[in-house]
Amino acid sequence: MEVAGANRRWRLQFRCRGSRRESAVARESDALVHAAKMATLSCYMFADDHTNQLPASFAQLNTSRQKTELSDANWEFVASGDKDSFTNPDVTIYFLEKEPRHSPDGTFARVYATVNGRVFLLTSTGRDFTAVERQRGFLIRRATN
């Protein structure tokens with residue numbers, strides 16, 4: 001029995017699946033999820049230094065000793081205030097990508113971060129994520145001008 005040959009066959013099968021574009025989109029999504037997780041950690045450290053007040057923007061966060069690679073140009077903060085004042089921190093969205101990203105399979109993807117630091121990558125068949133947000137039970141308080 002030759003186990004090494006069988007392993008090569010399976011590796012080749014998985015390596016050839018999907019396009020390079022799909023792989024690039026997956027890598028970009030993974031990187032954004034990781035960056036959002038690091039940003040929520042930085043936001044909590046910011047709050048610890050600022051009487052429990054979460055930063056209201058990445059610009060505000062980046063003026064302190066905590067830094068993030070995310071910027072206000074691509075991300076929207078939809079919650080702020082005392083980090084301990086939220087009644088549903090598991091589903092209250094803290095920040096999210098401003099614009100959904102188009103995937104090669106025709107769907108759209110968007111990253112969300114909750115007040116308690118959880119990060120989600122959601123997909124939708126269209127650019128409007130309202131139904132997906134409602135299905136997940138997300139609480140989003142967008143600022144109105």
Inset, instruction - Sort out which residues of the range 57-73 are of a type outside the set (S, T, N, Q) and crowded, with 18+ Cβ neighbours inside 10 Å, and write them in order of number. - result: Phe58, Leu61, Leu70
Legend entry - Number of the condition not met by Asp30 [criteria: (1) under 14 Å from the mean Cα position of the chain (by Cα); (2) surrounded by fewer than 17 Cβ atoms within 10 Å (Cβ to Cβ); (3) under 20 Å from Leu139 (Cα atoms)]: (3)
Legend entry - Pick from the range 95-112, criterion crowded, with 21+ Cβ neighbours inside 10 Å and out of contact with any Leu (no Cβ under 7 Å at 6 or more places or on another chain), ranking: nearest to Asp30 (Cα to Cα): Leu96
Legend entry - Residue under evaluation Ala4, criteria (1) under 23 Å from Val119 (Cα atoms); (2) at pLDDT below 95, criterion not met: (1)
Inset, instruction - Give just the number: which of (1) in contact (Cβ under 8 Å) with a residue 60 or more places away in the chain; (2) in contact with a Leu (Cβ under 6 Å, 6 or more places away or on another chain) does Val91 not satisfy? - result: (1)
Legend entry - Number of the exception - Leu54 against (1) surrounded by 15 or more Cβ atoms within 10 Å (Cβ to Cβ); (2) free of Cβ contacts under 8 Å to residues at least 40 places away in the same chain: (2)
Inset, instruction - May I ask you to list pairs of residues, at least six apart or on different chains, whose Cβ atoms are under 7 Å apart, with the first in the range 122-136 being in contact (Cβ under 8 Å) with a residue 24 or more places away in the chain and the second being surrounded by fewer than 17 Cβ atoms within 10 Å (Cβ to Cβ) and not in a strand (DSSP E or B)? - result: Ser124/Thr107
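The values are calculated or read from the model by the stated rules, or taken from the named source; none is laboratory data. Small disclaimer: the values here were computed from a predicted structure and weren't measured. So basically every Cβ, Gly included, is an ideal-geometry build from the backbone, and we count neighbours across all protein chains shown.
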